[in-house]
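Undergrad: A single structure is presented below for examination.
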Amino acid sequence: MTLLQALQSQGVGSRKQCLALIERGHALVDGVPCLLPKQQVVPEQVCFYFDDEFCIWQDRIVIMMHKPLGYECSAKPQYHPSVLDLLPSIYRARGVQPVGRLDVDTSGLLLLTDDGQLIHQLTHPKRHVPKTYRVTTVDPLDETQIKALWQEIALNDEPKPVKAISVQQENDYELLLVIDEGRYHQVRRMLAAVGNRVDKLVRVQMGALRLPDDLPAGQWRAVEACAIFAI
Ligand code: URA
């Protein structure tokens with residue numbers, strides 16, 4: 001692979017823009033600026049500056065974010081900033097997008113990637129990837145509600161009922177709910193259907209990947225895709 005090809009694979013821009021970046025000495029091979037677009041390179045040894053940010057060549061990008069409240073999971077948000085605004089601009093240029101969505105008033109674990117196949121693997125209904133939510137309710141939870149959450153629940157405008165994988169009451173106002181689907185506002189609608197309301201909703205786990213305690217809201221870090229599927 002040439003240096004030019006390595007840069008072109010990174011969403012840095014057109015061929016012309018990649019050439020300009022090389023010409024300015026903004027592409028490095030083994031830590032040293034390289035001005036030769038046709039130079040053969042080991043891509044993992046290529047670094048570059050994009051919008052003044054230092055970037056390392058990456059085959060694909062997979063990151064986990066602690067989504068803060070008040071952000072939309074859309075590249076074209078309507079009323080709030082986008083979670084993509086919290087990432088370096090190169091990620092946006094590469095087409096990194098959220099894996100599924102969390103509501104603007106939901107926080108917690110959000111995966112983002114530029115790997116379409118991975119998005120498909122994690123979001124396709126047939127894959128049944130479990131997602132765990134810590135739910136804080138407005139009213140105290142009672143036994144009838146917990147029992148009802150274990151049953152199939154019909155939601156308005158949904159052709160099929162939904163069913164939790166696990167319901168674990170933590171205290172009077174809190175439960176851990178595991179679901180393996182991602183219907184619109186699913187958790188909020190499930191709680192409403194059993195006669196309660198969600199006060200606070202945090203996604204704490206997706207597949208085998210937990211939201212780390214040391215990842216504050218608004219922060220993100222790279223993750224290996226296998227960590228999501230590991231048992
Ligand atoms: N269920 C909801 O109701 N909202 C979310 O953000 C995620 C799951």
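Undergrad: Name the residues in the stretch 92-116 that are of a type in the set (Val, Ile, Thr) and farther than 12 Å from GLY70 by Cα, would you?
TA: If the condition is that a residue be of a type in the set (Val, Ile, Thr) and farther than 12 Å from GLY70 by Cα, then VAL96, VAL99, THR113 are the ones that fit.
Undergrad: For the stretch 186-230, name all the residues that are of a type outside the set (S, T, N, Q), under 13 Å from LYS67 (Cα atoms), within 16 Å of the ligand (Cβ to nearest atom) and not in a loop (DSSP other than H, G, I, E, B).
TA: LEU201, VAL202, ARG203, VAL204 - these are the residues of the stretch 186-230 that are of a type outside the set (S, T, N, Q), under 13 Å from LYS67 (Cα atoms), within 16 Å of the ligand (Cβ to nearest atom) and not in a loop (DSSP other than H, G, I, E, B).
Undergrad: Select from the stretch 100-119 the residues that are among the aliphatic types (A, V, I, L, M) and under 16 Å from ASP85 (Cα atoms) and write down the one among them that is nearest to the ligand (Cβ to nearest atom).
TA: Result: LEU102.
Undergrad: Looking at GLU158 and the list (1) modelled with pLDDT under 95; (2) charged (D, E, K, R); (3) surrounded by 14 or more Cβ atoms within 10 Å (Cβ to Cβ); (4) more than 26 Å from the chain's Cα centre (by Cα), which single condition is not satisfied?
TA: (4)
Undergrad: Exactly one of these conditions fails for GLY11: (1) in contact with a Lys or Arg (Cβ under 7 Å, 6 or more places away or on another chain); (2) part of a helix (DSSP H, G or I); (3) small (Gly, Ala, Ser). Give me its number.
TA: (2)
Undergrad: Quick check on the stretch 165-191: of everything there that is over 22 Å from the mean Cα position of the chain (by Cα) and among the aliphatic types (A, V, I, L, M), which residue is surrounded by the fewest Cβ atoms within 10 Å (Cβ to Cβ)?
TA: Here the residue is VAL167.
The values are calculated or read from the model by the stated rules, or taken from the named source; none is laboratory data. On a predicted model such as this, the values are computed, not experimentally measured, just so you know. Neighbour counts are summed over all protein chains in view; Cβ atoms, including those assigned to glycine, are modelled from backbone coordinates with ideal geometry.
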